[in-house]
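See structure below.
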Amino acid sequence: MKNLIKKILKEYKEEEKILVIPSLKYFGDDWNVLQSFLKSKRNPKWKLLDDLNLNGKSIKSLENLQSVAGNLDLRYTEIESLGNLQSVGGNLNLSNTPIESLGNLQSVGGNLDLYNTPIKSLGNLQSVGGYLDLSNTPIESLGNLQSVGGGLDLNGTPIESLGNLQYVGEDLYLRYTEIKSLGNLQHVGGSLNLYNTPLESLENLMSVGGYFNLMNTPLESLGNLQYVGDWLSLRNTPISKKYTKEEIRQMVDVKGKIFM
């Protein structure tokens, strides 16, 4: 263990002034032991090349931790700040924590779970490779977020605009929201349910890979929409009174049924 720590310190001095920690295992899987070690080195910037499980531990900040190569589990902690954390290569679980902002975090390679948190800001977050769960949170803006590789759950949030978001790889859940603008959204790989929302325009949306439910919306135009991979529901919308099913199919390539 002493030889490993010497090697870590040597690489830290010679390279980019970021301490590289291979695994918490080299500190007996004890977060406090690692913190004591970092403190003795005047709390340098550091990154972890493994998973980090802090589930249920008494921790409020990650301070100078820059990146975690694997999964980061912070469930049921007292975490209030991610400090200087910029990236997580695997899953990041923050459910049931008091976190309100993601701060400097820019990317999560896997799933990001923020269920049952008072999250108000995604900070500098730009991409999530997997599923993003924001259901039943007070989130009002997606900030700089541009892409979600998996599904995006915004059910029960006060969100009104998707802002800079351009791509969702799987289903997009917007039931029980006050969504008014899809912002820069262009593609949804799965299904999109906008039933009974106040949405008035599809703006930049071009394709929905699954079903597309627009029932009970005040939508008057399909905008730039070109493709729907399953059924399309336009029941009780102004569009259903302006066009026939045949006219809709001339405008949009709908692979399934159209409900008017």
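Structure data summary
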read-out	value
Positive dipole terminus of the chain, leading residue within TYR76, LEU125, ASN32 (C-beta point charges)	ASN32
Rg/Rg_globular for the stretch 28-119, with Rg_globular taken as 2.2 N^0.38 Å and Rg from C-alpha atoms	1.00
Charge dipole (the chain, unit charges on Cβ, about Cα centre) - positive-most of VAL208, ASN164, GLY229	ASN164
Relative contact order of the chain, pairs being alpha-carbon contacts under 8 Å that are 6 or more residues apart, as %	8
Relative contact order, percent, the stretch 77-159 [alpha-carbon distance under 8 Å, six or more residues apart]	24
The stretch 152-260: relative contact order in percent, alpha carbon pairs under 8 Å with at least 6 residues between	19
From phi via Karplus (6.51, -1.76, 1.60), per-residue ³J(HN,Hα) for the stretch 151-162 in Hz, x at Gly/Pro	x, 10, 10, 10, 4, x, 9, x, 4, 10, 9, 8
Convex hull per residue volume in Å³, alpha carbons only, for the chain	109
Separation between Cα centres of the stretch 191-260 and the stretch 113-170, rounded to whole Å	23
Top positive-direction residue, dipole computed over the chain with Cβ charges, set ASN111, THR217, ILE258	ASN111
Length added when fully stretched, LYS41-ASN155, from 0.36 nm per residue minus Cα-Cα	36.5 nm
Highest-MSF residue in the chain out of LEU54, LEU145, LEU194 [GNM, Cα springs under 10 Å]	LEU54
Size of charge dipole - the chain - debye, nearest 20, with Cβ of Lys, Arg +1 and Asp, Glu -1, no other charges	680
Charged-residue dipole, Cβ positions (Lys, Arg, Asp, Glu), the stretch 121-260 about Cα centre, Debye nearest 20	440
Share of carbon and sulfur in the accessible heavy-atom surface of the chain [1.4 Å probe, %]	42
Accessible area in square angstrom per residue, the stretch 30-160, 1.4 angstrom probe	41
Prolate/oblate/rounded call for the stretch 53-99, Cα gyration tensor, a/c under 1.5 rounded	oblate
FRET efficiency, 1/(1 + (r/R0)^6) with R0 25 Å, evaluated for LYS180 and ASP230 via beta carbons	0.50
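The values are calculated or read from the model by the stated rules, or taken from the named source; none is laboratory data. Everything numeric in this text was worked out from a predicted model, so none of it was measured. For neighbour counting, all protein chains shown are included, and Cβ atoms are generated from backbone atoms with ideal geometry for every residue, glycine included. Surface areas here come from the heavy atoms of the whole protein model, side chains and all, with no ligands, DNA or RNA. Shrake-Rupley method; radii C 1.70, N 1.55, O 1.52, S 1.80 Å.
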